[in-house]
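Accompanying notes for the structure given below.
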Amino acid sequence: MSETLRFLLVDDSPLAIKVMRACLNSLGHSEVTEANDGKHALDLMYLAKAERKQYHLIFLDWSMPGMNGMDVLSQIKAIPGFNVPVVVFSANRDEATILRAMKAGAVDYITKPIAPVDLTNRVAKILNNLKLKKAQ
C-alpha cells in the first residue's frame, strides 16, 4: 500500500482554498488541511511535526494579512528537521517577488488566478518530481 500524502493549504481566500482542494482531490488526494493565516499554518506544522505526521507539500499564499507568505516561509525553513517543499501562490507576477520566493526556499511559484486544469497539471508535476527525488 502506498503512503497517503498530506497537504497543507494556507490562504486567506476561501475560493483559492476551494480550487486547490478540488485540484488535489481530482488527483486522488484527500488528506488536505487548511489554514487561513500564517500563524494557524505554523501551529499546524508544529503539531504535525510533534505527531510525526508531517505534510508532504505546503501551498502558501504570498499576500495575507498579518503574517505574510515571506514571513511564514522563512519560519518554515527555520524549523529544525522540517524539510517540506513549499509552493507559493500569488496574484503578484512581479519577477523580483518570484525570485524572492524562490531564493527563500519555495519549490515553485504559481500566479493566481490559475485555471484548475493548469493547477492540476502543475501539482502533478511537482508531486512526480518529489517522488523521483525520494527514490534517489
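Given labels modelled 7 Å from the Cα in the Cβ direction, how far is it in nm from residue 68 to residue 51?
3.2
Could you put 12, 94 in order, starting from the residue whose Cβ has the fewest other Cβ atoms within 10 Å?
94, 12
Report ³J(HN,Hα) in whole Hz for each residue of segment 64-75, in order, from the Karplus equation J = 6.51 cos²θ - 1.76 cosθ + 1.60 where θ = phi - 60°; Gly and Pro get x.
Those phi angles translate into 10, x, x, 7, 7, x, 5, 4, 5, 4, 5, 6 Hz.
Peptides 44-50, 66-72: what's the order by average Cβ count within 10 Å, highest mean first?
Top to bottom by mean Cβ count within 10 Å: 66-72, 44-50.
Short version: ³J(HN,Hα) in whole Hz for each residue of segment 113-128, in order, from phi by Karplus 6.51 cos²θ - 1.76 cosθ + 1.60 (θ = phi - 60°), x for Gly and Pro, what are they?
These are the phi-based 3J(HN,Hα) values: x, 10, 5, x, 5, 5, 4, 4, 5, 5, 5, 4, 5, 4, 5, 5 Hz.
State the label only: which of (1) 13.9, 43; (2) 33.3, 113; (3) 20.5, 60 corresponds to Rg and Dmax of the Cα atoms in Å computed from the shown model?
The listed entry that was calculated here is (1).
Comparing 80, 14, 65, which has the greatest mean-square fluctuation in the GNM of the chain with Cα pairs linked when under 10 Å apart?
Per the Cα network of the chain with a 10 Å cutoff, 80 tops the list.
From Cα pairs below 8 angstrom and at least 6 apart in sequence, can you work out the relative contact order of segment 21-102, rounded to a whole percent?
Over segment 21-102, the number comes to 28 percent.
Values in this text are rule-based calculations from the coordinates and carry no lab data. A quick note: this is a predicted structure, and the numbers were derived from the prediction, not measured. Cβ: placed from backbone, ideal geometry, glycine included. Neighbour counts: every protein chain shown.
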